[in-house]
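Notes to accompany the following structure.
The values are calculated or read from the model by the stated rules, or taken from the named source; none is laboratory data. Just so it is clear, the model here is predicted, and its values are computed rather than measured. Here the Cβ positions follow ideal geometry from the backbone for every residue, glycine too, while neighbour counts run over all protein chains shown. Remember, those area values only see protein heavy atoms, side chains included, never the ligands or the DNA or RNA. Shrake-Rupley method; radii C 1.70, N 1.55, O 1.52, S 1.80 Å.
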Amino acid sequence: MSSTNGAALPGFSAIDEKFSVKLICRNCRDPVPNIVEDFASGDYVCGDCGLVLGDRIIDTRSEWRTFANDEGGDPSRVGNAANPFLDGAQLDTVIARGGDKGSGLAKDLNRAQGRTTAQRHERNLVQAYKEISALCDAYDIPKTIVDIAKQLYKKVEDDNLQRGKNNDAIIAACIFLACRQDNAPRTFKEICALTKVDRKDIGRTFKFLKSKLGANTGTTSSNDLIARFCSNLNLDQETWRITKLLTEKAKDMENISGKSPLSIASACIYMASHLIGDGRDAKAISEIAGVGEATIKTTYKILYFNRKALLTPDIMDRNTKASEANLISP
């Protein structure tokens, strides 16, 4: 085995020879060498003359192997990827149940292994993680929130806080907490519709986990909900900005204190959409926000009677179609 030096080989320019190193057989000196990698013996061999050019080469190919009893099993080079939400090194040996031709011993061993505490704990975690992922996928909740919810559930399981609690309510509360921690809050009604768990159960479990885990959830403001509601109602960016300004001004009003952020956000969307002539009725907003039509109209009534203080020039100048005459009298 040698590298070319000096004059350029036929078919190669001087520049090619200068910037590259070419392996050739020192006996054949063929510019297009026929070098064979014999991985069985670990040698580089010239395919023309048989000269051994190098030894102890490393086989970089995939070493696909199978440990199945028959030849039909899928070969696997490595095991499953490590799951950061499970404990231990995850190098456990799983005893298969065995086929129809088995003596039944494998099935008995599999059952005995399943009774161990570690296996049961891990199985419960995996089942909960699958349920969290399935629920979040149904509402297109981002993976970051899914991972946070899994971490919260693992803390609950590790601290044994789930004893005496409804597991479905714990999963719902973990998703609710995760949404808040990732600054993408969901309302209790949305979580109820997603998980089919009673709102009171979610509320009680949420307060319990918040105190036990010391989770910093903050509070949900109207601005946290407006962007998602406007998007679901097919409202443009200007309507969203006007709604955001209306919400900020409405929070400072004394006669609207006591209203929930959800009610204020819904009423401001109702007002902003009609202000620019692209109105959405209370029923459509109610279906998206989960607020009763009567609540939206009652809150809007307060906003309407204070419209002089709300509809300042910075709001009216944002859209040429914005007009106070477009507002519906309650």
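Observations, loosely collected:
- Pair list, Cβ < 6 Å and 6+ apart or interchain, from segment 144-158 residues that are in the same structural domain as ASP182 (by the TED database) to residues that are of a type in the set (Phe, Trp, Tyr) and open to solvent by 40 Å² or more (accessible area, probe 1.4 Å): none
- Restricted to segment 108-150, and to residues there that are modelled with pLDDT of 90 or more and polar (S, T, N, Q), the residue that is surrounded by the fewest Cβ atoms within 10 Å (Cβ to Cβ) is THR144.
- Filtered residues of segment 180-204 (kept if over 24 Å from SER221 (Cβ atoms), of a type in the set (Asp, Glu) and open to solvent by less than 60 Å² (accessible area, probe 1.4 Å)): ASP201
- Per-region count, segment 307-330, residues among the β-branched types (Val, Ile, Thr) and open to solvent by 60 Å² or more (accessible area, probe 1.4 Å): 2
- Residue-level analysis places LEU177 outside the set of residues that are surrounded by 19 or more Cβ atoms within 10 Å (Cβ to Cβ) and not in a helix (DSSP H, G or I).
Residues are listed down the side, and each one gets a yes or a no for (1) under 19 Å from PHE188 (Cα atoms); (2) among the basic types (Lys, Arg); (3) outside the structural domain of ILE191 (by the TED database):
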position: ASN255; (1), (2), (3): no, no, yes
position: LYS259; (1), (2), (3): yes, yes, yes
position: LEU262; (1), (2), (3): yes, no, yes
position: ALA265; (1), (2), (3): yes, no, yes
position: ILE276; (1), (2), (3): no, no, yes
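- Extreme residue, modelled with the lowest pLDDT, among residues of segment 239-278 that are more than 17 Å from ALA309 (Cα to Cα) and open to solvent by 40 Å² or more (accessible area, probe 1.4 Å): GLY258
- Output for segment 221-243, where each listed residue is in contact (Cβ under 8 Å) with a residue 24 or more places away in the chain and aliphatic (A, V, I, L, M): LEU225, ILE226, LEU233, LEU235, ILE242
Here is a yes/no grid of residues against (1) over 21 Å from PRO261 (Cβ atoms); (2) part of a helix (DSSP H, G or I); (3) not assigned by the TED database to the domain that holds ILE264:
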| residue | (1), (2), (3) |
| --- | --- |
| ILE285 | no, yes, no |
| ILE296 | no, yes, no |
| ASP314 | yes, yes, no |
| ALA322 | yes, no, no |
